[in-house]
Amino acid sequence: MALYKEIDNKPTNLEPNKELKYYIPNNYEDIDRLHMFHFFQRYLFQSNYSSPIEEKLTQGKCKVLNIGCGPGTWLLDLANQYEKSIFYGLDSNSVYPNEIKPSNLNFINANMFDGLPFPENEFDFIRQDPMSFMIKADQWDFIISEMIRVTKPGGYIEILDIYFTHKGAGPILSKIYEARK
């Protein structure tokens, strides 16, 4: 039985995690923003990643985890391009597609703060999407240690995040920044 909530008067299967605070909107406009951000980033950097994993992805010897995958745009892009590799997306807010997705892509609803639900040395490549407003300063050590734990020896970890200072920011962004500490 699926639970639904109304967003913009439309039913959806977006189920907010009551244990986590989301500091950005969680609606259709936000999902569209995340889709656009993916394509803008891919255009800007002329790639979906910076680690040297192209050969492994092409050969199908690559197991990839995306932490904080959101709607899964990055994973959908890669899973369609590299059909022989296996992709996993993890997020505590299931805004990703549940049914219409490539067969080499799996989404997992889990809270990264409880530890990554995978055995040691499981992934060749791990990517974490921007989580500046989710991870507090004292939580980074745990999150990074979990990424290292599930990465195979010789594997790669990419953390994509925004570095900013709140100097000159407005009152709302300053409060959000201060709340992360």
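Each reported figure results from applying straightforward, stated rules to the coordinates on display, with no laboratory input. What you see is a predicted model, and the numbers here were worked out from it, not measured in a lab. Glycine gets a Cβ as well: all are built from the backbone with ideal geometry, and neighbour counts include every protein chain shown.
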Residues Ser145 and Thr58, FRET efficiency given R0 of 25 Å [Cβ-Cβ distance, rounded to 0.05]: 0.25
Inter-label distance, nm, simple model (7 Å from Cα along the C-beta direction), Lys136/Phe37: 2.2
Segment Glu158-Ala110, extension gain: residue separation times 0.36 nm, minus the distance between their alpha carbons: 15.3 nm
Listed peptides 66-76, 139-149 by packing density, highest first (mean Cβ within 10 Å): 66-76, 139-149
Under-5 Å amide H pairs with Asn66, H placed in peptide plane, nonlocal only: Tyr88, Gly89, Leu90, Arg127
